[in-house]
Amino acid sequence: MNVFIITGTSRGLGEAIATRLAEQEDHYLFCISRNKSEKLRSIPSDRVQYFEYDLSRPDGIPALMERIFEKIDETSVRTIHLINNAGVLTPIKPIDRADSRDIMQNMMVNLAAPILLTSEFVRRTRKWNVDKCVLNISSGAGKHPYDGWSCYCSSKAGLDMFTRCVSLEQQDQKYPVKVLSLAPGVVDTAMQTLIRSTRKEDFRHVDRFIKLKEEGELRTTDEVAAKIADLLMGPDFEQGGVLSIQDI
């Protein structure tokens, strides 16, 4: 069987990725999010399991991964994947006006949680002689600074560097884990709705994102999810790659 552990599946891209992967009968999904997706719940399958968890509380992640791995029969696994998709954009404002709780939540969900999940994943599968992959959903904002997005840009840049570092660590392992970071582009999700509703004094680029929506330039979640599913199961999962959706 092919196993997928996916975060942020309650809506948006994470929900679309999980829905796409669940179409295959040999795929088994472990979905992590604060709330369950009604769309995923409607799938009549015992191959999709849900774990309601708030990733802004990273101290509980080891126990969460223990619960998940208790349900995986190593002898039946052909491939296993961790998809670190969950993310938050707020605070959207200059850093001197940002709330400290929003700053901490951003860093915990966008960076600390993927690091801890990856640590647990690598440790628990170290001796598994199967295809193992970690896909970190990043952003072009990790490479291009935006005023008003200092936390988001910084956390995604950190995620990209974390990807590169772990790939180096895995090079000499007997059964290495492949790690890749992917920026999905501008996708029509609730995050984009939030951006368009931001005051211009907090984010002066807001008009650009309004225009992208008006001109139909946003990718659909289904379109991006299809590309990601093909990447996960295909031969082009580049070790240590930091890619954008245009590269695949």
Item to check | Test result for D54, assigned to a loop (DSSP other than H, G, I, E, B), among the acidic types (D, E) and closer than 29 Å to G140 by Cα | outcome: yes
Next on the checklist: Being farther than 21 Å from K178 by Cβ and in contact with a strand residue (DSSP E or B) (Cβ under 9 Å, 6 or more places away or on another chain) narrows it down to one residue among Y50, Y146; which is it?
Outcome noted: Y50
Checklist entry - L82 fails exactly one of the following numbered conditions: (1) touching a residue at least 40 places away in the same chain (Cβ under 8 Å); (2) out of contact with any strand residue (DSSP E or B) (no Cβ under 7 Å at 6 or more places or on another chain); (3) crowded, with 17+ Cβ neighbours inside 10 Å. What is the number of that condition? => result (2)
Checklist entry - How many residues does the stretch 211-242 contain that are at pLDDT 95 or above and closer than 23 Å to C151 by Cβ? => result 1
Checklist outcome for this item: Pairing a residue in the stretch 132-154 that is closer than 16 Å to N85 by Cα with any residue that is charged (D, E, K, R), where Cβ atoms lie under 6 Å and the two sit 6 or more apart in sequence or on different chains, gives C133/K178; S138/K156; S138/D160; S139/K156; A141/K156; G142/K156; G142/D160
Next on the checklist: Take D59 and tell me if it is at pLDDT below 95, more than 17 Å from I6 (Cβ to Cβ), more than 14 Å from the chain's Cα centre (by Cα) and not in a loop (DSSP other than H, G, I, E, B).
Outcome noted: yes
Checklist entry - Can you tell me which of L40, L29, L21 is over 23 Å from D131 (Cβ atoms) and hydrophobic (A, V, I, L, M, F, W, C)? => result L40
Checklist entry - Mind checking whether some residue in the stretch 25-46 is among the hydrophobic types (A, V, I, L, M, F, W, C), surrounded by fewer than 20 Cβ atoms within 10 Å (Cβ to Cβ) and in contact with a strand residue (DSSP E or B) (Cβ under 7 Å, 6 or more places away or on another chain)? => result no
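Please go through the stretch 94-140 and pick out each residue that is among the β-branched types (V, I, T) and under 14 Å from the mean Cα position of the chain (by Cα).
V109, I115, T118, V134, I137
Can you tell me which residues in the stretch 1-60 are of a type in the set (D, E, K, R) and either in contact (Cβ under 8 Å) with a residue 60 or more places away in the chain or within 16 Å of V187 (Cβ to Cβ) (or both)?
R11, E15, R20
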Checklist entry - From E23, E15, which residue is among the acidic types (D, E), at negative phi and assigned to a loop (DSSP other than H, G, I, E, B)? => result E23
Checklist entry - How about the stretch 129-220: which helices (runs of 4 or more DSSP H) wholly inside it have at least 3 residues that are closer than 20 Å to A112 by Cα? => result 150-170
Item to check | The listed residue being assigned to a strand (DSSP E or B) and either closer than 30 Å to E169 by Cα or out of contact with any Asp or Glu (no Cβ under 6 Å at 6 or more places or on another chain) (or both), out of I72, I115, I83 | outcome: I83
Checklist entry - Name the pairs whose Cβ atoms lie under 7 Å apart, with the first residue in the stretch 215-227 and on the phi > 0 side of the Ramachandran plot, the second surrounded by 13 or more Cβ atoms within 10 Å (Cβ to Cβ), and 6 or more positions between them or separate chains? => result none
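The values are calculated or read from the model by the stated rules, or taken from the named source; none is laboratory data. Just so we're clear, the structure is a prediction, and the values are computed from it rather than from any experiment. Ideal geometry is used to build each Cβ from the backbone, glycine not excepted, and the neighbour counts take in all protein chains shown.
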